[in-house]
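Below is one structure, written out as structure tokens; comments come after it.
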Amino acid sequence: DVYKRQVPRLWGRHLINCAVVEELLPEGADVIDVGSGAGLPGVVLGLLRPDLNVTLLEPLLRRTVFLEEAVETLELSNVQVRRGRAEEVRGDLSADFVTARAVAPLGRLAGWSLPLLRKDGSLLALKGEQAEAELEAAEKDVSKLRPSVSDVIRVGRGKVDPATTVVRVTVTSDGGPPPGSQKSRGGKKKRGRKR
């Protein structure tokens with residue numbers, strides 16, 4: 001059966017691929033999942049981490065209806081659904097982290113997402129094999145949007161193969177790196193979770 005054959009791929013390539021992003025989120029963080037679509041990674045993170053406050057931001061009505069049903073069925077009291085575009089909620093919504101998966105090229109995504117971030121907040125964009133090239137092409141435009149530092153990190157080694165590639169753009173007040181961050185792209189991953 002074709003559906004049975006797709007389950008392992010769905011599990012590894014989509015669900016676990018999103019779940020490992022939780023390694024980058026400290027306890028109690030506020031997260032906005034921009035262009036949430038089917039709830040990846042927002043629903044997965046909300047399910048895995050009840051300490052997070054997750055807002056699923058999605059402009060399309062049929063998708064928001066699906067997301068509301070999923071949140072209700074899974075009894076996710078830490079997850080809310082909001083219909084709208086990122087540029088429409090500026091000044092109304094803000095968070096420590098913005099997540100996005102398969103939403104838009106990095107330059108455009110940063111333009112929508114960086115205004116939603118608090119100081120020292122990070123955009124965590126799940127990207128594929130071309131992440132470094134995409135960041136290199138967009139980095140000058142991204143830094144003009146808001147003072148920030150960017151890098152490419154891989155999370156979930158040993159849990160998902162290949163590891164999940166994340167472009168992290170962290171806003172700063174002065175354009176320098178925030179405390180404890182890696183200045184260079186592709187550096188060692190920083191564990192943000194407090195124990």
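Taking amide H as placed 1.01 Å from N in the peptide plane, the amide H of residue 29 sits under 5 Å from that of 53, each at least 5 places away or on another chain.
Suppose we keep just the DSSP beta bridges with both residues in the stretch 25-172; what percent of those would be antiparallel, to 5? Before the final figure, lay out the partial values.
On the way: 14 of 34 bridges.
DSSP beta bridges in the stretch 25-172 are roughly 40 percent antiparallel.
Loop-located GluC sites (Glu not before Pro) in the stretch 32-133 (DSSP state other than H, G, I, E, B) with a sparse environment of at most 11 neighbouring Cβ atoms within 10 Å: 75, 129. Estimated at the nearest 10 Å², the accessible area of residue 22 is 20 Å² with a 1.4 Å probe. The HN-Hα couplings worked out from phi for the stretch 66-79 by the Karplus form 6.51 cos²θ - 1.76 cosθ + 1.60 (θ = phi - 60°) are 4, 4, 4, 5, 5, 4, 5, 4, 7, 6, 8, 5, 8, 10 Hz, whole numbers, x standing for Gly and Pro. Annotation: residue 146 carries an accessible surface of approximately 70 Å², with a 1.4 Å probe and no ligand, DNA or RNA atoms counted. Solvent-accessible surface of protein heavy atoms, probed at 1.4 angstrom with all chains present, puts 148, 143 in the order 143, 148, largest first. Note on residue 141: accessible area is roughly 90 Å² with a 1.4 Å probe, heavy atoms of protein only.
The values are calculated or read from the model by the stated rules, or taken from the named source; none is laboratory data. On a predicted model such as this, the values are computed, not experimentally measured, just so you know. Quick reminder, even Gly has a Cβ in these numbers, built from the backbone with ideal geometry, and neighbours come from all protein chains shown. Side chains are part of the model used for accessible areas, which takes the heavy atoms of the whole protein and leaves out ligands, DNA and RNA. Shrake-Rupley method; radii C 1.70, N 1.55, O 1.52, S 1.80 Å.
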